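One structure is given here, and the rest of the page talks about it.
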Amino acid sequence: METTSKNILVAGDLTGIEEASTALDEGRMAGCRAAYALGYLSEQEYEENKRVLLERLNALRCGPFGEKRRTAKEALWNAME
């Protein structure tokens with residue numbers, strides 16, 4: 001979600017075309033990350049929100065068409081951590 005420019009986050013269709021529900025949850029994920037970075041969420045709150053959102057995103061990306069997108073997004077998120 002965070003770009004190579006510090007403190008610039010992207011989500012939804014900017015990171016690859018999917019569908020509206022996925023874009024909304026990616027936006028929520030970016031919002032949680034921003035809130036954590038700014039000190040509005042504790043690490044525990046951030047990790048719990050992230051876990052719930054990742055579960056929802058994985059459910060939206062199930063099946064043969066979503067697997068490629070899910071794998072690519074997971075690689076991006078893991079690189080950010």
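Throughout, read-outs are computed from the coordinates displayed, never taken from laboratory work. Here the structure is a predicted model, which means the values were calculated and not measured. Cβ atoms come from the backbone with ideal geometry, glycine included; neighbour counts cover every protein chain shown.
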Fill in: Square roots of five times the Cα gyration tensor eigenvalues for the range 12-80, Å
22, 12, 11
Worksheet entry | Simple Cβ-charge dipole of the range 12-80, Lys/Arg +1 and Asp/Glu -1, about Cα centre, in debye nearest 20 | 160 debye
